[in-house]
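A quick write-up on the structure given underneath.
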């Protein structure tokens, strides 16, 4: 057992292309990194940026978004919308201090099982290089669920 | 002004002087600035890579590293010699393709304080540069003495369009760049079917009979098409076809007299340069008759240097002879054996 | 003393605008006085923390809390007032969602201090840097300790109602005061706990009179670069990033009516899971380009997307709220690939 | 959402024999689901050898009835394989089918990972994701939309003709659209068909005529589909009908115009560049329809304003120089694409000299050369049009099975080459060499034909030809084409001089296949052929409901296979038509109108125009009949006012939580 960092990646796939590409990779027994857990959407256009934020907030080190190649969308052109949201989301993440490379968009047709597997492997390696998604150590408590009787504990004392 | 970093290679200073001289004329007219790679060294030619990869690649990469350090407004490294071009491109390609190799080569280069990052140079062959950068229109506009009536067999040899790592050539088996170039000079270009066939290469050194056959094929085919001369882009092709044409003739009992010249020589002629400055007269199979067809007087051939005895020190006796004799040969005997 | 119900208002990490907004209700403030006994309101009357501590738990009927929780004093008071109050209202954007002070959550504390005390915009000839405690001759003086991040009130204590706005509109405050008075008088019922009050339940667009069309944005611009802004047409359609589509209604579309874009001070509408994500998706969706380079060029018109989308909501955003969760994930780094 | 009530969930883990159980510790997953996911509502977790077997399904049905399960999670193969199986089983036991979900732990886990421990952990997390998600699944009802009984068939080659006839004969209307002036396709160019050596035209033309005269077929040649919108059952199709400059209502197809037209041009299309045609022409004698077209760019009248010979001589005044392109809109319920193939451009293999060496012919050139209606009247000659070849070399796999060009086998070239060999020997008596890599003659009576050609004395050389050259090395090669090849059976390089070379060039996807695919909403593989819904089990369907594919559009095929596919696609369409209605997945978006403020961000999201803005109410509304369920508007709504069934925010958020739950 080595001590290499095994990132956890959530992947969002399109029902018509990349999810089928994953099926095709399986059928062809193409081996790839086990770090990605896929969620099936009907279309990459269904991808709400909040899903990505949720995954990152929930502990994923990276998020893979995949859809049909430009021009090949099962719903004609929705993947362009996914592309635009992806680009703006990455810019926003940067402002949050999250490396934008943690979110990746991959086009993969239903026939491209092998390619998807390669892309997954490459992405896992990229995230491995980036390391775990380390939030700046300012806070160790989560949001609204905080029990009322617990006093906030500052991590380091800085005068106000 | 088109700028290039220029890797001449050894031939340009030796057997291919005609290439070097005509190129310098052509470059001037086409407003090309060629900055020679400082302190360049041998590219390893065709042999070294098959012997030991790491030192061979290191040898080549030293040139790349130095050239990369010379980048000034251009990162295009141009080589006129096919072998040099291929070796430089190969080193650049494989250093990127196989990072382990790249690392080892750079380790070697580090000993000389050098480093080469693959991909930092664009490696180009002269014909590619002329056709694709300078452009046929510009070249055509500089023609003052069209080569009308001159039948030319354009011949590229094996190494320039293949394997073509960067996909710069129109085709690997039948590229037409050189044909087009000759065409704009006004020459009659034959559809030479063997344009990418082998010239014999170093077979002329190790298996001359094989080389003779390869030479015969090319020369006889050009002759079949009634070409006045063959143009080549490669010092080795030129050398083989020119210098060994006579030997091949003797071997087969044929009488071909096919002049083999560099394409730049014809460009220079077409641009109005006189034949001597264009490097004519250095070829062994005289281009005099061919040039006469376009009314150019070929310079008198340089007086041939007297045939020299074989260079170097005498050889030791053949090993087999030694064992066959069943006894040790004395040093004196070795000395007088030849 | 009268048997009037008790009222308190407290000011934590915020600008004070909320207090002004309350006073801006004009004569309505007299109703407060007439119907309530104001027991604690530092900005309006003299009061000591120890007086509050002395009160019976649950003895204050209504506390309006404005401001985020930035230091341990804020936190302590939040817990104290929670204990003493029957109804605790997160009043204003800072208390509800962090607001402008929450933007500091993008930087670590030391950077915040560095910027506040030691950059060119601060005149600090003696290079003063505040201390938590100071040994004065009269005894040790202490200052509250800054928390690492600003939290919303609800992230620290249980909150009964949320009243958004930066500040809440005075007519909305007046309406809420009226409602509470009616409740006190037994004439009305309180809304369910956790409700957002003093606002609408739709988005700013709902109250905006501007005409809207199918959107296709070819460039995002700063408002001063769009001259003149068409007074009739949707601000977003004119390329100015207007947060109205995702922002809760209640302000009567004050900014768009005045010829400016909505900046989102009323926070997320109902059913909005992450305010910023809604704007990211909405703006990106209507960008009229397909090539990545073209899209990027259009997006360049939003120079600070994080600020644009999370100006008021950062401390309450999904990513911020989830950071704790990410940190507490039992060992993301596993050995040998064994998750 | 699910206030205080966690629905009762059953988890079923399939072994799939050893397909899953070989890599995933199924028992461990089951135990874990039972214990760790108990708080999430899992009341029962089981594993079984083959969940999809009837015994496996009965297990689930029994639990639904006895344990009162409200949700079923099956961890097995991809939902694209067995989702329907399990949903049907659950429905039988009284559970709404949309309360059953499949977790793919075979395609996404056991088949792609090797480490058993890691695979097991991943399987757990996927199960956890779906368990969390399914709590938010809601019962859904499938929607039914009526099917328009008209069908559009695109491409009038043999596959398209077959499909059109099958449907028309069943009594339904077909629009057959062909972009050339006549239907018939490539088959009309051929002389003989292998292996029976039937005359191609003899067997094709009756079908063409039938299609041309069938009362249920509207034939639209010289026309192209430019736009398709809508969805299965109701496609709106826009067709560009190019101007023929001939009034089809009065033209009798007498051919006088063609006869009188003074201008000839090289026919690069039907005659493959070997012959000529007039400027007003029908591509071939048996063309259907028989109306000619005027080739506008070459017509003297259109170029210079004079001539009009055709108009002068037309006995019915059918020539109409003022005719313009027009658009025709039709509505159809289903579409069959039989758009065929392009021939590989043999000139790309430069070392074979096609286009440079005159006596190197492409396969289609040879078809025309050997066709009795062709430019030489069926005489097999060299390019000079006179000389009969004495030796002929036929090169297989030109552009196919070659990583420089196309990796795939074009499947017909072996048989086509054998046919050529037979014809050459029969008509010229020439010596014929076939240069092949492998002989592929797998269909009915194909290998027998190979034997026959062998017996006829054709010489077979196994090896990939290196080059075809005119550069002779030896006196006997002078004036010949020399085929340079490594004969891999002899183990020698050979130079074989021949008079004529025929390149058996293969098939390629249509040059505009991608564009056409985009028009119809289907996609191409990396080779460029259209992708079938399933390569084995659903070869004529596409991922887009109501769009079918037949013939060479999906890959190289011979005539019997194309015909079979045309008929198969027609059967699928008839199946749809006879159902009268089509069931639509109930995955739909809808606007919560109280939350909608009418910002109109969503209005441009829908390519199906399902979202309308109701001006009076200042809200947007989704038309469920038009919504295809992609969810793009759901994700776009800034107010969170649009919800999507089947893939709601709650479902996906819960799934994310589940996937990331510590395992």
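Computed from the coordinates by the stated procedures, all read-outs in this text should not be read as laboratory data. Predicted model, so just to flag it, every value in this text is computed and none were measured. Heads up, the Cβs are rebuilt from the backbone with ideal geometry, glycines too, and the neighbour counts pull from every protein chain shown.
Values for this structure:
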{"item": "Cα gyration tensor category, rounded, prolate or oblate, for chain D with a/c compared to 1.5", "result": "oblate"}
{"item": "Ordering of D:50-58, D:354-362, D:391-399 by packing [mean C-beta count within 10 Å, highest first]", "result": "D:391-399, D:354-362, D:50-58"}
{"item": "Angle in degrees between helix D:116-134 and the longest Cα principal axis of chain D, rounded to the nearest 10", "result": "70 degrees"}
{"item": "Listed residues B:18, B:227, B:35, most fluctuating in chain B (Gaussian network, C-alpha, under 10 Å)", "result": "B:35"}
{"item": "Helix-derived mean residue ellipticity, 222 nm - over chain D, DSSP H n ≥ 4, -39500 (n - 2.57), to 500", "result": "-8000 deg cm²/dmol"}
{"item": "Cα shape, the protein assembly as shown, gyration tensor, a/c 1.5 rule", "result": "prolate"}
{"item": "Degrees separating the helix D:559-579 axis from the principal Cα axis of chain D, which is the longest one", "result": "40 degrees"}
{"item": "Computed [θ] at 222 nm, deg cm²/dmol, chain C (DSSP H ≥ 4; -39,500 (n - 2.57); rounded to nearest 500)", "result": "-9000 deg cm²/dmol"}
{"item": "Peptide D:649-659, shielding by other chains (average Cβ, 10 Å cutoff)", "result": "6"}
{"item": "Peptide-level mean, for D:600-610, of C-beta atoms on other protein chains within 10 Å", "result": "6"}
{"item": "Estimated FRET transfer efficiency (residue D:571, residue D:209; beta-carbon r; R0 25 Å; 0.05)", "result": "0.60"}
{"item": "Antiparallel DSSP beta bridges within region C:1-199, as percent of all bridges there, nearest 5", "result": "30 percent"}
{"item": "Relative packing of C:264-270, C:140-146, which averages over residues the other C-beta atoms within 10 Å, highest first", "result": "C:264-270, C:140-146"}
{"item": "Alpha carbon centroid spacing (whole Å) that separates region D:451-527 from region C:248-303", "result": "61 Å"}
{"item": "The protein assembly as shown - share of DSSP beta bridges that are antiparallel (%, nearest 5)", "result": "40 percent"}
{"item": "Computed over chain D: relative contact order in percent, which uses C-alpha pairs under 8 Å that are six or more apart", "result": "14 percent"}
{"item": "Peptides C:40-49, A:53-62, A:67-76 ordered by average Cβ neighbours within 10 Å, highest first", "result": "A:53-62, A:67-76, C:40-49"}
{"item": "Sorted by Cβ density within 10 Å, fewest first, the residues A:120, C:128", "result": "C:128, A:120"}
{"item": "Region C:1-154, relative contact order [Cα under 8 Å, separation at least 6], %", "result": "26 percent"}
{"item": "Residues A:17, D:202, sorted so that the one with the fewest Cβ neighbours within 10 Å comes first", "result": "D:202, A:17"}
{"item": "Chain B, helix-only ellipticity at 222 nm - DSSP H runs n ≥ 4, -39,500 (n - 2.57), divided by all residues, nearest 500", "result": "-12000 deg cm²/dmol"}
{"item": "Beta bridge orientation in region A:1-112: antiparallel %, DSSP, nearest 5", "result": "5 percent"}
{"item": "Residues D:98, D:12, sorted so that the one with the fewest Cβ neighbours within 10 Å comes first", "result": "D:98, D:12"}
{"item": "For residues of A:26-39, the mean tally of beta carbons on other chains within 10 Å", "result": "6"}
{"item": "Distance between region D:334-363 and region C:34-85 - C-alpha centres, whole angstrom", "result": "87 Å"}
{"item": "Relative contact order for region C:204-324, counting Cα pairs under 8 Å that sit 6 or more residues apart, in percent", "result": "27 percent"}
{"item": "Helix D:446-455 vs. chain D, principal-axis angle (Cα, 0 to 90°, nearest 10)", "result": "30 degrees"}
{"item": "Alpha carbon centroid spacing (whole Å) that separates region D:616-640 from region D:532-588", "result": "31 Å"}
